[in-house]
Structures are given as structure tokens and as C-alpha cells.
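Any read-out appearing in this document is the output of simple, stated calculations on the displayed coordinates, not a laboratory observation. What you see is a predicted model; the values in this text were computed from it and never measured. As a convention, Cβ positions derive from the backbone with ideal geometry for all residues, glycine included, and neighbour counts pool all protein chains shown.
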Amino acid sequence: MKDLAARALDTAKARGATFADIRLIHSRQESITVKNGKVEVLAIGESQGFGVRVIADGAWGFASSGRVTVKELDRVAALAVRTARAAARVKQGDVDIGPPLRTVGRYQTPFRIDPFSVSLEDKIGLLLAADEAMRRVKGIRVAESAIELTRENKSFASTEGSLIEQEITRVGCGIEAMAEGNGDVQNRSYPNSVGRHHGCGGYEFVQAQDLPGNGQRLAEEAVALLTAKPCPHGVTTLVLDATQLALQLHESCGHPIELDRVLGSEASYAGTSFLTPEKLGAFRYGSTLVNITADATLEGGLGTFGFDDEGAPAQRTPIVRDGIFVGYLTSRETARTLGLASNGTMRADGWNRIPLIRMTNVTLEPGDWAFDDLIADTDEGVYMQTNKSWSIDDKRLNFQFGTEIAWEIKGGKLGAMLKNATYTGITPQFWASCDAICNRSHWNLWGTPNCGKGQPSQTAGVGHGTAPSRFRNVRVGVI
Amino acid sequence: MSGRLLGEAAIKRLLERVLALSKADQTEVVLESNDSALTRFANNVIHQNVTERQTELTIRSVIGKRIGVAKGNDVSEAGLRRIVERAEQIARYQVENPDFVSLPGPIAVRKVEAMLPDTLAFGPERRARVVGIICRRAREKGLVASGALQVEVTELAVANTLGVYAYHPEAMADINIVVMADSSSGYADYFTLDASQIDAEALAREAVDKALRSVNPLDLKPGEYPVILEEYAVSDILDFLGFLGFGAAAVQEGRSFMGGRFGQRIMDPKVSIWDDGLGEGTMPTPFDHEGVPKEKVEFVSRGVANAVCYDSYTAQKEGKHSTGHALPLPNSNGPLPMNLYMGAGTATKEEMLAGVERGIWVTRFHYTRHLHPLTVAVTGMTRDGTFLVERGEITRPIKNLRFTQSYVDALKEVELIGRETRLEGGYFAYNRVPALKLPRWKFVSATEY
């Protein structure tokens, strides 16, 4: 690998690159999906390839290939320089990535049980048991359960002398029950919805979720939703469970703090950000209870790694302190615009994509409340659980979320079940209305495996630590 | 043969080698080869310029009623053996799927010309020339251009041990542009098989004009308004109808708005929606990922629910034949349409404006997500040019609005359908769509710009 990398970097330099890096990657995936008692997906995938990123004539270029041969390395390195030179025809200044960064290191995701060493029979057996538990409940039309595993072995080298080896192992699993009846369909998911719950680690992650043990409860909730009342319309107190809050954090904090987005590089796709540079250190993002941190060093997080794809080490960065916006996610190039150094958040979705600024584990620090006390302290409101839909405008201000299930809160107690629950708001107003966050015993590090960004599109796995929290004067039931 | 293509002869040899290596009862091999390049720009400069080349194989092995799928991009002899062995190994671990009958047998596939030399030769320098024009036009007006220009060369081939063989090479290009001022933005895009047809001046003019016309937008109280939806917005409607309702698995699982309503009127009689992989003015797709030829499927015919599309698995469940809409494996969602059309009407956009007492002109939607599959209730934002229409004229730009609207309900009453259609690349499919004038659309909140 070291020789192949050196060859590509030498070719790039010989063609005129002033900087180059290369990532050589081998990845392996395993997907199992059980649907209504049948194994509908049992697939193993493998991918290898490399990507060469260069600066030539003061502009970026990138080329990649799935054919790992010396001849192809030469072609791709030369093509990367050619694309950079073409990009230089439409530039206003030279790319500046700051002082050289030389990192030599090695990182491996820690795990107890290698998920790829567990037999397919065991994994299928676990999913069939969960499937059966869901389908025991009358009214369930579709039961689906899944396990997904990925292992990525990555070598990174740069013309600045960096040389890094990493092995990242990701595991994910979940179950979903769809009930049909009463002219309606309703879904429930566990431990999380839409892409399920993922983390970096071993098969112990899957075992800890106890999918079979949650199947029946989940299915019963789905069936009960068919005859539940719709969520009422109005402005009220909202309590969010930790999984829904994780996505709220993702969309309304995680994306707007990506400095490349702030500087306009995503304008033509998902948009820009309201958190413009003059707000750094001065803007009230939320109430004084709100403390948010981006931490790529948290054990087990889906956004946990040793080094980013520019070779910067994993870091912990304050984002919101006592409600004030204090930090961005940065790269070498974007950090220069603020006179800072990268805080190590550049990640690429495989060998054929360039690194972009991606969330690491963007977490809401826990508060003081026990969940039962929080509900008991709430006279009237709605408790919403598990995301169902999500949408936010192209500056990350106006959002609307829907959840799979909700309950009325009346007189400090959870009451009737509600379906088709939604809530809407404007980001800083919403976070300013946060007046209670549950304590560390309710806090969990959730993994979102399907964060989209970039053209061509890239998917990243990111983490969000959250605990149930309360928000005042929120508009709910917008449908 | 260009270096960007493997070529049919080499691909056929590769597929035959895979099938010769297989020991399963039935084996299917799908090859997807891709050589793509994308020039991305922001702040009036090219900031990302990328290329990619790879060949990926997906092998489905069937042993009895047990199915295993393996993928890989190592196409050396050792790599092929490894993928075949892996697919067969996991098929043996599988539990039987009693609903599985067979892989599809051979049906003749029509050849479609979709590989134009000019697109094949559209390199980084020509991409930079197009982008340079757009950035210059934006800068001249004190605006900021962003976007992406992609050129993609693909080869898709499918073979199986029952005699299926199909091969389709394609080169296509697409570009999208957002031009921004401090308080406004405008949009344009274009999808084509012929990259030389990309008219940078015209696209820049459209996006720049929209950005200039939407400067200093005013607040408008959310509520129900008549709307004129440009083709960009209508494409989103087809995306969700197709994804949530037009596939057979959605009906079989009880989550489609089409279920139990075949033969009934579900939309305005002016509305017809169909899928046609070989139709005029789309990115042609002669066969699906099982090698089955694409059939034209009329989903909604003059407002009446008519049919859905099938792959071999969902078709066999109902004793029907596949319509050629299988997706790449692994996939548990079932078949989906990939080349959607909404039938054109007769109206010009000027005719749509006439008679609107007070309504909203929408350029496009942003970040749309469905709330319920049976109603296709969707929420999302307007973006890149939203205007108030008063007494038959666009009078002023307005701040972007959030809507929550059932797309099926919205099409129950359609006032006018545009006489021109435009090809759009949606989330899931290529959509050929007209503009629409609808009597009501539910806007629920506003944003700050």
C-alpha cells in the first residue's frame, strides 16, 4: 500500500501538483433483512479503490478508480492534476490549506465481538425471532428487521508526509412493524427509525438492543395507533424523546455548523446556513441550558474515528456553550478563513468521493432532570417519540418534524396515545424555549447512518448524544 | 471503443465467465460500469472537480428457493470466483422463500441509442467553459452562482442462466444552477443525452433573472392559496406518487394510495401519469436490473387508477408478468418506476396567470418528506423564487413558505396543465412534467427569507 501511495503522489507531483493526498480503501458490507418471516435480503458486498486529491495551479482536482493497478494509479493521478488545472480556469484566488500537516498513526474501532465472525445463522435467527414477536400481534401487515455491518480499511498518505492506517467497523440494526386497519396504516420502529440505529463497535451493539424482546411491544403500539386520536393542533409544551431530539439536533444544529456550508459550498444542493461567521461567539442559539459539543472521540459513536480524511486527529469541539454559538465544524481550507486550524471533520463516503466537512458526534450535553420528574412537572403538553418525517429550509431555520407516536401530557401524567404528530418552529426560537434536559441516565449516543451531503451525493454515518428534553410554546399538529 | 467504456464484447465475456463459474440452480449477474465526472461550483468559482471510474458486479445465486446476493468490484478471475462463491455460500445459509418462483426467462430487448460522441468527449476543460460562462453572467450582475455539471458514462448488462442477456451503454449530462443575491435566489437545470446541447447562456439567464426578480421578498400570511407550480415543483409530486404508490410491493403491503382503488377516479380527469423507459424525451432505459424489457405502464389514466409496475418477484406473487421495473439488489422495497411522465395540457404560463385573483407562483420545492403514505401528505419548503400573483400578474416576491399538502388531494382538481413538458431528474426517477395550475395548496408557515 505504501509503495502504491508513493507512486500516485510522485506522479501527481511530477505532473505539477503542489499538494496531493491519496486514500486506498477496501470495504466490506453485510446486509440482512427479514420481512414477514422471509429473509428478503442477504447480501455481502466488497469494494476496493483509491482516490487522489490534488492542488495544481491553485485549484482542487480529484480522480478515483476501482482498479488498483500501477497503470491505473498513474492515469488517475495525472487525471486529478488535469481536473485541477481545468478548475483553475474558473477561480478567484489560490486554495490555501494552511501550514503542512504531517500525521503518522494507526486507529482501529474497538470491539468485543467481531460482527463479521458471528455466523449468518445466528444473525438470521435473531432477526427471525424479532420478526415472529412482531407478527404474533394481530393487525400487523408488515414486519421488517435488519442488521447491517460495514468494515472499512483505509490507508492515507500525503505529499506532506502523512501516513495513516485506519480500520472502522460499523454495526447497525432495527425492527419496524406496520399495522393496517381502520382505513389507515401506522408504523413503529425500534431502537430508531429511518435507517435504524448504528454505532462503531462489535456485535455486542446488536445484542444490547434486544430486538426480539421489543418486538411485541412495538407491534402493539403500531396497532394501537390505528385507532388513536390525531395529534391536536395548537401551541403547547413539547417533550421530545432522545431519538427524535437526535434528528432535531442533526438538522438544526449539525448541518448549520458545517463551515463549508456556511461559506456557500453546498448552496446549489441542500443550501447554506443561518449561522454566518459574524455570529460566532456572539449569537444566542438556545437557552442557557443548551450545551452542544462535537466529539469524534466518544466511544461507540457512529462519528467516532482516529483521524479525518485530511489526516487531522479526532477532536472534541465546543459548539454551543450556555446557549451561545461558539464553534464550527471545520476543514484545513475552511478553518483558514477564520484564522483557525482544522478541528478534524473531513470525511469521504468511500474511495470515490472527496472528503467534505461532516458531523462527528454532535451531542447535546445532559441536564439534571429524571424523565418521570420532567413529565410530572409538565401540566399540559405532548410527548413525541421516534422520528417519522423531517424537513428544514435551505438556511436551516424553518423546520417541521413528524413522529411515529405521541402521548398527551395532562396534569403531570402521560395520557392518551396520539397519531400523526408533528411540530414546527424556527431553529433559534425553538432552542431558546428549551427549559429542561434529562440527566445522563437518560442520555444515549444515537447513530444516524444516512446523512446526505454533496454532489455527487455522499452518505455519512454521524452520531448524536441526546436525552429527553422539554420545549415551551411549540406549534404542534401541523398537518 | 473509448477508454471510458469496457465495451459490449468484453462485458459479455465477463458475464459468461461468471455464469460458467456458477454451481447454483439459477444464477443472475448484473454489471454496472460507470465513468463519471462532476464539476461543482460555488461563490462563482469551481471548488470541487471530481472523476470516478469503476465496474461493479452483483450476483444473485438461487439454490432451490434460497437466494444469496454478493457484490464486488474486483473483476479479476480471482475476484469473480470470490463473488460467485460468496453468493452461493450465503444462499446455502438462507431460509427458503416460498414466494420465490424463478428468475425471469429471456425476452428480446430493444436496442436504444444513448451514447453520443459529444457527451463521451465532454472533458474537464469543456465543463469549465460552461461553468465559466455561468459564473461570469452572475458576477456581472453582482450575484453569486453555485451548481454542478455532471457527465456520466454508464454500461449496464444483465445475464442469467435461463438465457437472459441485455446490454445498454449510455452517456448523459446534467447541470443545476442556483444564483443568489443577498435576499433572493433563482434556479435552472437541464438533463440531456447530448452535452453539447447545454446552453450555458440560457441557463444562466433563467437563474439570474429569477434571482433579480425575487430580491427583497415580503412576508405573506400562510394559508390556502391557488398555485402555479413550475415544472421543477411538479417533478417532486411525481417523485412521491411513484415512490409511495406506483410499485406493486406498496400495493401488496397495503401502503399504497392505489390499493383497492383500481378503476376508480382518484385524480382530475385531466391527469394522466405513466412510466415509459423507451418514451420520447427521457433518459432511455430499455430493461431493468433483471434484464426484463421495460413496458409502458399507465398508472393513472384520465384521473382513474389503472395499474402499478412489477418486478418478477412481485409479479409472481400475483400470477402476473414483470413489467420490467426491478431495482438493483439488495432491495426490500420492491419495483419502482424510473421514467415517469405526466401528460401535457394546452395552457401557456401566461394563460395560467390569467384569472388568478390572488395566488402564489412556485419555482421549486425544497427538502420534501412524506408524512403519510396513503394520503401522500408531504411537507416541504418553497425555494429559489416564490412570488405573489394578483389579478393575473406576478406582482412581488415573497418569503419562502412551508407547505403541508396531500399530493393526491392536490391533483383531484387541476385547473390547467402546461402545454410544454420538461425533463427533470427527481429523487428516484426521471420525470417528464408540465407546469400545473391548481385551485388550492396549503401553506402552513413562513421562514425568515
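Some notes on this structure:
- In degrees, nearest ten, helix B:124-140 long axis to first principal axis of chain B (Cα): 10
- Separation of the B:Q197 and A:D122 label points, Cα + 7 Å toward Cβ, nm: 5.6
- Counting only alpha carbon atoms, the long axis of helix B:8-21 and the longest principal axis of chain B meet at about 50°.
- Helix-only CD estimate at 222 nm, as mean residue ellipticity for the protein assembly as shown, using -39500 (n - 2.57) per DSSP H run (n ≥ 4): -6500 deg cm²/dmol
- Under 5 Å between amide hydrogens, built in the peptide plane, is the criterion, and for A:N352 it picks out nothing among residues at least 5 positions away or on other chains.
- With all projection directions averaged, the alpha carbon convex hull of the range B:260-318 covers 4.8 nm².
- Semi-axes of the equivalent ellipsoid of the range B:8-202 are 44, 17, 15 Å, computed as sqrt(5λ) over the eigenvalues of the C-alpha gyration tensor in descending order.
- ³J(HN,Hα) computed for each position of the range B:277-288 - Karplus, 6.51 cos²θ - 1.76 cosθ + 1.60, integer Hz, glycine/proline x: x, 10, x, 6, x, 10, 7, x, 9, x, 8, 9
- Taking chymotrypsin sites (Phe, Trp or Tyr not before Pro) across the range B:115-202, none is in a DSSP loop with at most 11 further Cβ atoms lying within 10 angstrom of its Cβ.
- Nearest-ten-degree value, helix B:77-93 long axis tilted from longest Cα axis of chain B: 90
- For the range B:219-311, GluC sites (Glu not before Pro) meeting the loop criterion (DSSP other than H, G, I, E, B) and having at most 11 other Cβ atoms within 10 Å: B:E280.
- Charge sum, other residues only, whose C-beta stays under 13 Å from B:G392's C-beta, Lys/Arg counted +1 and Asp/Glu -1: -1
- Each of the trypsin sites (Lys or Arg not before Pro) that DSSP puts in a loop and that has at most 14 other Cβ atoms within 10 Å breaks chain A; the longest unbroken stretch is A:139-479.
- Loop-located trypsin sites (Lys or Arg not before Pro) in the range B:357-391 (DSSP state not H, G, I, E or B) with no more than 16 neighbouring Cβ atoms inside 10 Å: B:R391.
- Projected-area average for the range A:314-413 over all orientations - Cα convex hull basis, square nanometres: 9.7
- In terms of surrounding Cβ atoms within a 10 Å radius of their Cβ, A:T288, B:T39, A:T11 rank from fewest to most as A:T288, A:T11, B:T39.
- Sorted by Cβ neighbour density within 10 Å, fewest at the top, the residues B:I133, A:I405: B:I133, A:I405
- For the protein assembly as shown, Kirkwood radius (reciprocal of mean inverse C-alpha pair distance, Å): 28.4
- From least to most packed, judged by other beta carbons within 10 angstrom and beginning with the fewest, B:V227, B:V112 follow the order B:V112, B:V227.
- Per-residue HN-Hα couplings for the range B:424-439 [Karplus 6.51, -1.76, 1.60; θ = phi - 60°; Hz; x = Gly/Pro]: 10, x, x, 4, 10, 9, 7, 10, 9, 9, x, 6, 10, 10, 10, x
- Interchain or long-range residues, amide H under 5 Å from B:V378's placed H: B:L371, B:Q405, B:S406, B:Y407
- For the range A:230-476, pairs of C-alpha atoms spaced more than 21 angstrom apart make up 55 percent of the total.
- With the largest listed first and rounded to whole Å, the semi-axes of the equivalent ellipsoid of the range A:105-146 from the Cα gyration tensor are 33, 12, 7.
- Neighbourhood charge, 12 Å Cβ-Cβ cut-off, centred on A:V142 and excluding it, Lys, Arg +1 and Asp, Glu -1: 0
- Using the Karplus relation 6.51 cos²θ - 1.76 cosθ + 1.60 with θ = phi - 60°, the per-residue 3J(HN,Hα) values for the range A:63-68 come to 9, 8, 7, x, 9, 8 Hz, with x marking Gly and Pro.
- A Förster distance of 35 Å, applied to the separation of the beta-carbon atoms of A:K2 and B:A9, puts the FRET efficiency at 0.40.
- Taking amide hydrogens as placed 1.01 Å from N in the peptide plane, the amide H of A:I319 sits under 5 Å from those of A:I292, A:T293, A:A294, each at least 5 positions away in sequence or on another chain.
- Convex hull volume per residue, computed on the Cα atoms of chain A, equals 138 Å³.
- Percent of C-alpha pairs per 20 Å bin, chain B, short to long: 24, 51, 24, 1
- Relative contact order (%) - criterion: Cα under 8 Å, at least six apart; region: the range B:217-449: 29
- Taking chain B as a Gaussian network of alpha-carbon nodes connected by springs under 10 Å, the highest mean-square fluctuation of the residues B:S235, B:S76, B:S22 belongs to B:S76.
- The smallest convex shape that holds all Cα atoms of the range A:2-227, its convex hull, gives 169 Å³ per residue.
- Span from the the range B:335-363 Cα centroid across to the the range A:14-69 one, whole angstrom: 41
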